[in-house]
Every structure is written in structure tokens, then in C-alpha cells.
């Protein structure tokens, strides 16, 4: 699919400074793909949150043994 995209000058300059060796078209396509993936991820996590329950999460956490953290896990 091809279509004309009007990009404000301030975005064009920003894209040109960030895009590196790729074409402006490829940069915009990649940015669009990232935005779509981000929005789908948010929708997925919101849907999963609706199915979850606080009680179930606490039950899972309560199964963890109470002990001191490993040395490599200490802050």
C-alpha cells in the first residue's frame, strides 16, 4: 500500500537525526510496527488482568519458602 504522509518539519528533522543508515520510509514503518505492538501488548495485559485475581496471586506468593535471599540477589 502506498499513500502520501504529511510530516511536520520538526518531526522530519528529528527522524533524520535518529534514523541512522535506514531510509526515512523504513524508519517510519518500523516506528509504526513498534507502536502497533505496544498497543496490542497493553490490550493483552489489560485482558489478562481482568482474568486474574488478587487472591490467586497471593496464594502463589505464599507457596514461596520464607528464607534469606541468595548473596547474588542482595542489593
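Since every read-out is calculated from the coordinates, none of them should be taken as a lab result. Owing to the predicted nature of the structure, the values given are computational and were not obtained by experimental measurement. Counting neighbours? That spans all protein chains shown, and the Cβs are built from the backbone with ideal geometry, glycine included.
If I ask for residues that are exposed (fewer than 10 other Cβ atoms within 10 Å of the Cβ) and not in a loop (DSSP other than H, G, I, E, B), which ones from the range 59-75 would you list? Selection gives 60, 61, 62, 71, 72, 73.
For the structure I just gave you, tell me whether residue 28 is surrounded by 10 or more Cβ atoms within 10 Å (Cβ to Cβ) and assigned to a loop (DSSP other than H, G, I, E, B). Judged against the criteria, residue 28 is not a match. For residue 4, the stated conditions do not hold, so it cannot be described as out of contact with any helix residue (DSSP H, G or I) (no Cβ under 6 Å at 6 or more places or on another chain) and surrounded by 10 or more Cβ atoms within 10 Å (Cβ to Cβ). When residue 22 is tested against the conditions (1) assigned to a loop (DSSP other than H, G, I, E, B); (2) loosely packed, with under 10 Cβ neighbours inside 10 Å, the lone failure is (2). Of note, residue 7 does not satisfy the criterion of being free of Cβ contacts under 8 Å to residues at least 24 places away in the same chain and assigned to a helix (DSSP H, G or I).
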